[in-house]
Every structure is written in structure tokens, then in C-alpha cells.
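Every number here is computed from the coordinates shown, using simple stated rules; none is lab data. What you see is a predicted model; the values in this text were computed from it and never measured. Because the Cβ atoms are built from the backbone with ideal geometry, glycine has one as well, and the counts that use them run over all protein chains shown.
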Ligand SMILES: [Zn+2]
Ligand SMILES: [Zn+2]
Ligand SMILES: [Zn+2]
């Protein structure tokens with residue numbers, strides 16, 4: 001995956017620092033080309049204030065014209081951070097999908113069917129939320145022991161109560 005924020009086709013503002021005379025050799029040298037921060041065009045990504053450098057700003061697609069190692073290092077570090085973040089998000093999504101896959105599979109097992117039955121029996125098939133409507137679903141109070149639940153981890157509920165339980169968080173349990 002190409003890291004965002006460092007693409008060669010993206011418009012960047014660069015800073016050509018003023019030419020200067022080498023203090024010892026007296027040679028006339030070109031100032032370094034820095035990359036300006038996107039959120040603050042008065043500063044370079046290597047942390048300098050452009051007013052202290054002297055020179056001029058120019059716009060450029062890509063950052064390959066920069067001659068400042070500090071700017072390059074900083075951009076590379078940003079790109080690594082973005083990439084690490086993207087990888088982490090992908091991993092989270094995979095873990096989520098994997099969790100749901102196992103969860104759905106567990107709901108098909110005789111062990112779950114037996115626990116579910118016992119919870120409904122404990123509640124006399126009446127909702128433990130309202131004690132009015134017939135219990136139609138079994139809700140997890142915790143997933144800590146998923147697959148080997150204690151019966152007190154589970155409650156028998158009617159459709160309306162189950163929906164109410166999940167409303168604040170947007171819903172997790174599908175039973
Ligand atoms: Zn720089
Ligand atoms: Zn109810
Ligand atoms: Zn639930």
C-alpha cells in the first residue's frame with residue numbers, strides 16, 4: 001500500500017533557502033530546499049521557521065526536489081506512522097470478522113442450544129427485562145466466557161427489551 005501524505009503526485013510547498021557564502025572557503029553555496037508543513041506554511045517539516053532562513057516558497061508536485069535530510073527523515077517517519085496505522089486498522093477489521101465468524105459458528109452448536117434452553121427455562125420463558133412478554137431471545141451480559149458461559153452471564157429477553165438493551169451502544173449481540 002502506498003503511504004498517504006508522501007505521494008509524488010500531491011502538491012507540496014517547498015522552501016528554497018537563500019544562497020550563502022561558506023564562512024571558511026568563501027564558496028557561494030545554494031541554500032537547502034526544505035518541505036513546508038501542510039498545516040503551517042511558515043515552518044518546514046524539519047522544524048525550521050522560514051522567516052529565519054531567508055529565501056522563497058515554490059509549489060511542487062512531490063517532494064523529491066527537497067535537499068534537506070531532516071525534512072526527508074521527518075516525511076519518512078510520517079509515512080511509516082500512517083502505514084502502521086493502516087495496518088493496525090486492517091488487523092482490527094480482520095480480528096472483528098474472525099470474532100463474528102466464531103460467534104456465529106458457536107450459535108449453531110448443541111452446547112449453545114442447551115445453555116439457551118436452560119436460560120429460557122430459568123425465566124419460565126418470560127422476559128427477564130419486563131416479565132410481561134414471552135422471552136424470545138437470549139442476551140449476553142458479558143462475552144468474557146463466550147463458548148463456556150455461566151448461566152448468569154445470560155438473560156432471557158423479549159424482542160422489545162433486547163432492542164432496548166442494545167440501543168445505547170448500537171448493538172453487539174445478535175441473539
Ligand atoms: Zn528541512
Ligand atoms: Zn421484555
Ligand atoms: Zn443481546
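The slack between residue 132 and residue 145, meaning 0.36 nm per residue of separation minus the straight C-alpha distance, is 1.8 nm.
Here the Kirkwood formula, the inverse mean of 1/r across different C-alpha pairs, assigns the chain a hydrodynamic radius of 21.6 Å.
Fewest neighbouring Cβ atoms within 10 Å first, the residues 14, 146 line up as 146, 14.
Look at the alpha carbon pairs under 8 Å that are at least 6 residues apart: their mean separation over the length of segment 29-175 gives a relative contact order of 14 percent.
Exposure proxy ranking for 120, 141, 29, based on other Cβ atoms within 10 angstrom of each Cβ and starting from the fewest, stands as 29, 141, 120. Angle of helix 69-107 to the longest C-alpha principal axis of the chain, folded into 0 to 90 degrees and rounded to 10: 10°. Look at the Cα gyration tensor of segment 79-122: its axes a ≥ b ≥ c give a/c of at least 1.5 with a/b over b/c, and that counts as prolate.
Computed per residue of the chain from DSSP H runs no shorter than four, each worth -39500 (n - 2.57), the mean residue ellipticity at 222 nm is -12000 deg cm²/dmol. In this calculation the C-beta distance from residue 97 to residue 11 is compared with R0 = 45 Å, giving a FRET efficiency of 0.75.
Computed log10 I(q)/I(0) for segment 11-87 at 0.14, 0.15, 0.17, 0.23 Å⁻¹: -0.48, -0.54, -0.66, -1.03, from the Debye equation with unit scatterers placed on every C-alpha and solvent omitted. Plainly put, segment 109-175 has a radius of gyration that is 0.95 times its Kirkwood radius, both from alpha-carbon atoms, as the Rg/Rh ratio.
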